[in-house]
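Enquirer: Structure provided below as structure tokens; questions to follow.
The values are calculated or read from the model by the stated rules, or taken from the named source; none is laboratory data. Everything numeric here is computed off the predicted structure, so don't read it as measured data. When we count neighbours, we look across all protein chains shown, and the Cβ atoms used for this are built from the backbone with ideal geometry, even at glycine.
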Amino acid sequence: MTETKLYRVGRFELTLPNDHPLDEYQQRFRLYYMALGDIAQIVAHKYPDATAVDIGANIGDSAALICRDQNMPVLCIEPSPTFLPYLRRNLSLLSAPTMIVPVLVGAQVSFAPIEALQPRSGTASLQIVSDPSITRVPIRPLGDILSEHPRFARPRLLKIDTDGSDFEILLSSVEILRATTPVLYFEYDPTFRIDGCSQAVALIESLLQTGYDRFLVYDNFGNMTELIQHDVVSRFQDLNRYLFSHAFFGRQIYYFDVCAVTRGDHDLINVLLTHRRNVIDQAVAMNVGRHS
């Protein structure tokens, strides 16, 4: 490992690379990524035997959030050799059973050059590299991965954050989603790729056909923006325009995080809405008059 720093996520003191921005982001934006911990808590309350799958596990911060309030077993999928040593160290702090699968998730079995995983500011996105002599990392369909780890075959929570491949992973995993209907928490960024808009629309249409019909949207700072439950495709098309407006005319919002559920978990969305409204109302009550 290179030089490191310590940072507390919930009840766990994690080891981060010195250049990892998680601590800086959460000090500046105190709700950044916190929704995942809230979602895991309410999922665990409703489903005491719930398991989670974390695609793009990074250094283990999202697994720590998932286990912030309970010991939920987590299957961590992370191929980056830069992050794997930190992931192993940080998962050792969790009381919950965890497993690491060092692969990329894709539509079919194949390989990608390991150097194509370009680490940058605490993330690693996939870049195309054509040199056949380069060491390769396996790409596996999500269904194959889950079948090899039966404890996680029917996860109640599926988190995806892969900096560019989220839409592709979800589109290639529709049959798994239809069979297991986990609560989804994924990064929504149509600006990352040239075909991002078409992929985004295809994904939302596919999720609707699969049974997902409630979509709770957070901006990249962790602020809850809206619940989408009517005119879903057109509303997400408007969100695409909003993100591209930021990209072209002055950027503050880079992406959204989306929590999606099927009919059987509408109650979870109601709990999330109530919780976040209470958090904001309490903050308003504590700070009223300070800025007048």
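Enquirer: Which of the residues that make up the range 142-157 are assigned to a helix (DSSP H, G or I) and out of contact with any Phe, Trp or Tyr (no Cβ under 7 Å at 6 or more places or on another chain)?
Expert: Leu142, Gly143, Asp144, Ile145, Ser147, Glu148, Pro150, Arg151, Phe152
Enquirer: Residue check, Asp195 against (1) at pLDDT below 95; (2) of a type in the set (D, E, K, R); (3) surrounded by fewer than 15 Cβ atoms within 10 Å (Cβ to Cβ); (4) within 20 Å of Ala63 (Cβ to Cβ), all met but one. Which one?
Expert: (4)
Enquirer: Cβ-Cβ distance below 8 Å, separation of 6 or more or different chains: which pairs start in the range 36-52 with a residue that is touching a residue at least 60 places away in the same chain (Cβ under 8 Å) and farther than 19 Å from Phe215 by Cβ and end on one that is among the β-branched types (Val, Ile, Thr) and not in a helix (DSSP H, G or I)?
Expert: Correct list of pairs: Thr51/Val74; Ala52/Val74.
Enquirer: Could you check, for the range 158-169, whether at least one of its residues is part of a helix (DSSP H, G or I) and aliphatic (A, V, I, L, M)?
Expert: yes
Enquirer: Kindly list, by first and then second residue, each pair from a residue in the range 78-91 that is in contact (Cβ under 8 Å) with a residue 12 or more places away in the chain to a residue that is assigned to a helix (DSSP H, G or I) and among the charged types (D, E, K, R), limited to pairs with Cβ atoms under 9 Å and residues at least 6 apart or on different chains.
Expert: Asn90/Asp61
Enquirer: Among the residues that make up the range 126-136, is at least one of them at pLDDT 95 or above and farther than 21 Å from Leu227 by Cα?
Expert: Start the filter on the range 126-136 by keeping residues that are at pLDDT 95 or above, which leaves none.
Looking for residues that are at pLDDT 95 or above and farther than 21 Å from Leu227 by Cα, one finds none in the range 126-136, hence no.
Enquirer: Of the numbered conditions (1) within 16 Å of the chain's Cα centre (by Cα); (2) assigned to a strand (DSSP E or B), Leu203 fails exactly one; give the number of that condition.
Expert: (2)
Enquirer: Then there is this: When Glu24 is evaluated against the numbered criteria (1) part of a helix (DSSP H, G or I); (2) of a type in the set (Asp, Glu); (3) touching a residue at least 40 places away in the same chain (Cβ under 8 Å), which criterion, by number, is the only one it fails?
Expert: Here Glu24 clears every test but (3).
Enquirer: Against the condition in a helix (DSSP H, G or I) and either more than 13 Å from Thr191 (Cα to Cα) or in contact with a Gly (Cβ under 7 Å, 6 or more places away or on another chain) (or both), how does Asp257 come out, does it pass?
Expert: Numbers: in a helix (DSSP H, G or I): no; either more than 13 Å from Thr191 (Cα to Cα) or in contact with a Gly (Cβ under 7 Å, 6 or more places away or on another chain) (or both): yes.
When the stated conditions are applied, Asp257 does not pass them.
Enquirer: A further question on this structure: Would a scan of the range 170-186 turn up a residue that is modelled with pLDDT under 95, under 30 Å from Pro21 (Cα atoms), hydrophobic (A, V, I, L, M, F, W, C) and outside any loop (DSSP other than H, G, I, E, B)?
Expert: Checked the range 170-186: no residue is modelled with pLDDT under 95, under 30 Å from Pro21 (Cα atoms), hydrophobic (A, V, I, L, M, F, W, C) and outside any loop (DSSP other than H, G, I, E, B).
Enquirer: For the range 5-21, which residues satisfy the criterion of being touching a residue at least 60 places away in the same chain (Cβ under 8 Å) and either of a type in the set (Phe, Trp, Tyr) or part of a strand (DSSP E or B) (or both)?
Expert: Phe12, Glu13, Leu14, Thr15, Leu16, Pro17
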